[in-house]
Amino acid sequence: MIVGIDLGTTNSLIGFFQDGQPQLVRNVHGDFSTPSVVSLDDEGRTLVGLTARERASTHPGRTAQGFKRWMGTDRTLRLGTRDFRPEELSALVLQSLKADAEALLGEPVTEAVITVPAYFNEAQRRATRTAGELAGLTVERLLNEPTAAGLAYGLQERSEHSSFLIFDLGGGTFDVSVLEYFEGVVEVRASAGDTRLGGEDFVQSLGRLFVERCDGLAPAEREALLQGGAWWRAAEQAKRDLSDADRAAMALVHQGRRIECTITRADFEAASAELLQRLRRPIERALYDAKIDVASLDEVVLVGGATRMPMIRQLTTRLFQRLPLRTIDPDLAIAQGAAVQAGLKARDAALAEVVLTDVMPYSLGIVASQQVGDALVADRFSPIIERNTPVPVSRIGVYSTVVDNQKSIRIDIRQGESPLGSENLALGVLDVEMPPRRAGEATLEVRFTYDANGLLDVDARETTSGRITNTLIHNTSTQMDAAAIASALERLALLKRHPRDEEENRYLLERAKRLYEDRLGEERTALQAWMAQFEAALNTQDARTVRTARQEFRQALDSIDSGFRF
Ligand code: ADP
Ligand code: MG
């Protein structure tokens with residue numbers, strides 16, 4: 001059985017294809033979504049998902065989240081005294097999903113299709129494959145997330161030529177992609193986004209609204225409250241409530257005092273105006289790059305948990321002048337598409353090779369000076385390969401000297417979208433000698449060749465002599481080599497996992513501890529008593545006693561915290 005996995009920044013899901021349908025797997029808590037959070041407990045055991053998420057506030061130094069952002073880089077994250085690469089943390093999430101699927105299917109799972117953002121470069125894709133390998137999964141295929149969303153909506157069943165816009169607003173990232181489907185080939189025509197914009201920003205805006213609106217908070221007190229973590233849960237909860245109701249009560253305990261107020265959806269939307277504004281640019285950019293206008297799109301699809309907010313539906317309806325498709329749960333769509341792809345792969349159907357064309361996610365160019373009238377303006381970015389050009393690609397830019405008898409030209413290779421050369425990412429330099437000529441008379445042809453493996457080949461041809469200077473830039477300098485993978489596998493094998501069958505109990509205890517830290521007074525006394533009672537029940541090791549105690553413990557916690565889980 002090949003599984004399909006949505007390895008998300010905030011949440012991850014696993015599914016497979018059976019009885020003609022994608023089926024998603026529930027984790028031990030009964031949820032399809034597993035938070036992409038890893039924590040290390042005092043005994044050195046790893047915890048993944050909801051339990052780890054509870055520990056994010058009580059044990060921030062032993063808990064990691066958001067590591068998908070660091071895939072493809074050498075940055076490590078420290079949990080307690082151990083450092084983990086992003087591939088290793090992702091592998092722990094994958095292992096947890098794999099265990100859930102194995103528990104349901106009753107057989108080992110060894111092959112997977114994993115989704116990645118369309119803008120992931122070669123290094124990030126390789127890191128994702130490595131994470132799969134470290135988790136004991138052969139990654140049969142990496143599937144672009146927007147393509148997965150398209151598959152979930154049956155794009156592969158269409159006969160005609162069609163174009164889709166996928167609008168994906170997750171926890172911390174926003175991605176817009178334009179897909180074109182024609183005779184079994186899906187092409188990501190363009191992708192754009194904002195890697196610093198997601199549902200989390202709306203939580204922040206609610207948090208600020210809360211402290212501003214709630215009466216009786218002095219400015220210093222507001223700051224203190226926002227510094228702490230307790231408001232976050234209340235705001236996250238209120239955000240979700242406001243997706244279904246037009247007002248939500250927000251309450252939290254701050255320094256022993258209960259602070260409460262009601263936030264209306266209208267207030268929340270007014271406070272989020274700036275965030276909504278930021279969603280427009282990537283949309284415009286993706287449409288512009290794909291050279292398509294709104295009217296020519298066949299479908300607009302909303303995915304990502306944050307598109308549940310009514311204001312997002314309204315904004316997209318207005319922008320696209322139609323009702324976007326969201327018949328599939330927006331947090332499940334990508335995983336369902338991954339499961340469809342896994343099914344196609346397993347059956348080896350005609351569509352197994354829904355061909356994907358990759359695009360260069362960023363512009364590549366050099367820093368140049370530009371003659372403007374009599375003045376010479378330095379630090380201009382001169383793109384040679386523009387973003388969203390399909391790869392492999394080879395392009396030439398022509399440059400000439402700017403002063404008389406200029407001895408050399410420095411080619412400063414950069415990646416990015418800023419008009420200022422220095423603001424873009426430096427990839428390397430190449431110095432080329434020039435023959436003595438008057439300004440503008442000695443010219444250089446700079447050729448950029450970018451291949452599907454993420455290698456940029458730069459050669460510069462000085463036109464009078466025809467002499468070529470060359471350099472090769474690896475876009476993938478940070479990948480793990482075979483030896484690094486082997487040692488990571490060894491280290492991961494030595495790590496103890498928290499036992500899956502005790503996960504539920506552990507989750508409740510971690511949740512109680514988190515509540516204890518947040519609360520004071522009577523609630524603390526009650527929490528102490530409940531925890532002691534539950535631990536005593538666990539010590540009996542009698543299954544029935546534990547079950548009953550668990551139910552009581554859960555109800556007790558729900559009575560002071562909402563039963564809501566995220
Ligand atoms: P990612 O792709 O980043 O892993 P998801 O697609 O799972 O993320 O989206 C997570 C985001 O969706 C979070 O910010 C979460 O608060 C938000 N979200 C989930 N359910 C709702 C809801 N009912 N209303 C508003 N936001 C929601
Ligand atoms: Mg996602």
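Here are a few things to note about the model shown:
- Flag if ASP31 is over 23 Å from THR128 (Cα atoms) and within 12 Å of ligand 1 (Cβ to nearest atom): yes
- Long-range neighbours under 7 Å by Cβ, at least six apart or interchain, first residue farther than 21 Å from HIS161 by Cα within the stretch 283-307, second within 16 Å of ligand 1 (Cβ to nearest atom) and aromatic (Phe, Trp, Tyr): ALA306/PHE202; THR307/PHE167
- Failed item, numbered, when THR51 is tested on (1) open to solvent by 10 Å² or more (accessible area, probe 1.4 Å); (2) closer than 23 Å to GLY30 by Cα: (1)
- Sole residue being at pLDDT 90 or above and of a type outside the set (Ser, Thr, Tyr), chosen from ASP459, ASP451: ASP459
- Any pair with Cβ under 7 angstrom, 6 or more apart, that starts in the stretch 229-240 at a residue that is open to solvent by less than 30 Å² (accessible area, probe 1.4 Å) and ends at one that is within 10 Å of ligand 1 (Cβ to nearest atom) and in a helix (DSSP H, G or I): ALA235/VAL203; GLU236/VAL203; LYS239/PHE202; LYS239/VAL203
- Strands (runs of 3 or more DSSP E) enclosed by the stretch 182-269 - at least 3 residues per element that are over 30 Å from LEU287 (Cβ atoms): 247-254, 257-264
- Of the strands (runs of 3 or more DSSP E) entirely within the stretch 320-437, those holding at least 3 residues that are hydroxyl-bearing (Ser, Thr, Tyr) occupy 393-400.
- Members of the stretch 15-53 found to be among the small types (Gly, Ala, Ser) and not in a helix (DSSP H, G or I), listed by number: GLY15, GLY20, GLY30, SER33, SER36, SER39, GLY44, GLY49
One line per residue, one yes/no per condition, for (1) away from ligand 2 (no atom under 16 Å from the Cβ); (2) within 29 Å of ALA149 (Cβ to Cβ):
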residue	(1), (2)
GLY15	no, yes
ASP31	no, yes
THR34	no, yes
THR46	yes, no
LYS68	no, yes
LEU104	yes, yes
GLU107	yes, yes
GLU111	yes, yes
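- Test result for THR464, open to solvent by 50 Å² or more (accessible area, probe 1.4 Å), on the phi < 0 side of the Ramachandran plot and among the β-branched types (Val, Ile, Thr): yes
- Scanning the stretch 277-297 for residues that are within 16 Å of ligand 1 (Cβ to nearest atom) and touching a helix residue (DSSP H, G or I) at 6+ places or on another chain (Cβ under 7 Å) yields one hit, LEU279.
- Here is the figure for the stretch 298-338: residues that are surrounded by 20 or more Cβ atoms within 10 Å (Cβ to Cβ) and more than 16 Å from ligand 1 (Cβ to nearest atom) total 1.
- Among the conditions (1) open to solvent by 20 Å² or more (accessible area, probe 1.4 Å); (2) more than 16 Å from ligand 2 (Cβ to nearest atom); (3) of a type outside the set (S, T, N, Q), the only one that TYR153 does not satisfy is (2).
- Complete set of residues in the stretch 435-461 that are open to solvent by less than 20 Å² (accessible area, probe 1.4 Å) and farther than 13 Å from LEU364 by Cβ: ALA442, LEU444, ALA460
- Of residues in the stretch 403-430 being among the hydroxyl-bearing types (Ser, Thr, Tyr) and under 28 Å from the mean Cα position of the chain (by Cα), the one most open to solvent (accessible area, probe 1.4 Å): SER422
- The sole residue among PHE32, PHE17 that is open to solvent by 40 Å² or more (accessible area, probe 1.4 Å) and either at pLDDT below 95 or over 20 Å from the mean Cα position of the chain (by Cα) (or both) is PHE17.
- Flag for GLN204 being more than 16 Å from ligand 2 (Cβ to nearest atom), open to solvent by 10 Å² or more (accessible area, probe 1.4 Å) and within 19 Å of THR307 (Cα to Cα): yes
- One residue stands out in the stretch 161-180 among those that are surrounded by fewer than 22 Cβ atoms within 10 Å (Cβ to Cβ) and away from ligand 2 (no atom under 13 Å from the Cβ): the one that is modelled with the highest pLDDT, namely SER163.
- SER12 passes every criterion in (1) part of a loop (DSSP other than H, G, I, E, B); (2) over 16 Å from ARG514 (Cβ atoms) apart from (1).
The values are calculated or read from the model by the stated rules, or taken from the named source; none is laboratory data. The shown structure was predicted, so the numbers you read here are calculated from the model rather than taken from an experiment. Reconstructed Cβ throughout: ideal geometry from the backbone, glycine too, with neighbour counts over all protein chains shown. Quick note on the areas: whole protein, heavy atoms, side chains included, nothing else; ligands and nucleic acids left out. Shrake-Rupley method; radii C 1.70, N 1.55, O 1.52, S 1.80 Å.
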